[in-house]
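The values are calculated or read from the model by the stated rules, or taken from the named source; none is laboratory data. Since the model is a prediction, treat every value here as computed from it, not as a measurement. Using ideal geometry, Cβ is built from the backbone for each residue, glycine included, and neighbour counts are taken over all protein chains shown.
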Amino acid sequence: MKKSLVIFILFVLFSSFAIGCERSPTINRMGTEQYYVQITNKGEIKGKQRFYTLSTYNKDGVEKTVTFGSVKPKDTPLKENAFIRLYIDQQDNNNTEINHKEVKSYEEVQKDDLPSKVKEKLHIK
């Protein structure tokens, strides 16, 4: 009986840890490449989520097209002209399109946080 209880408790602890790691934005960002995008439209509602398809740039100014879903409610678009840092885990780096499943996380950043090559591409002074 005690052995079963110990095994059950260890299973619950391990499961909680694994789920917590999966949901942690910091762990989701490990091993990803950062791309930057400026929100220029209100996105498109598909099902219960709002998706954006925009040009995005990495710190070296390499352009790709990204599609990503907002975590906000579908009736709440992201702020127009906001700068977003995307954390991308792309299997094929030669692919010029990034689908929403390759976007692991995102966060809003300030203009001053943008790399200089990204500012050039977005025509930001």
Could you list, in sequence order, all residues of the range 50-70 that are part of a strand (DSSP E or B) and among the small types (Gly, Ala, Ser)?
55, 69
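Table: residues versus (1) modelled with pLDDT under 90; (2) among the small types (Gly, Ala, Ser).
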residue	(1), (2)
34	no, no
69	no, yes
75	yes, no
110	no, no
Select from the range 62-105 the residues that are of a type in the set (Val, Ile, Thr) and surrounded by fewer than 17 Cβ atoms within 10 Å (Cβ to Cβ) and write down the one among them that is nearest to residue 117 (Cα to Cα).
62
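So that you can scan it fast, the table gives a plain yes or no per residue for (1) within 15 Å of the chain's Cα centre (by Cα); (2) of a type in the set (A, V, I, L, M, F, W, C); (3) outside any loop (DSSP other than H, G, I, E, B); (4) at positive phi:
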position	(1), (2), (3), (4)
72	yes, no, no, no
78	yes, yes, no, no
90	yes, no, no, no
94	no, no, no, no
104	yes, no, yes, no
120	no, no, yes, no
Cβ-Cβ below 9 Å, separation at least six or inter-chain, first residue in the range 50-68 and under 11 Å from residue 88 (Cβ atoms), second part of a loop (DSSP other than H, G, I, E, B) and modelled with pLDDT of 95 or more: which pairs?
58/115
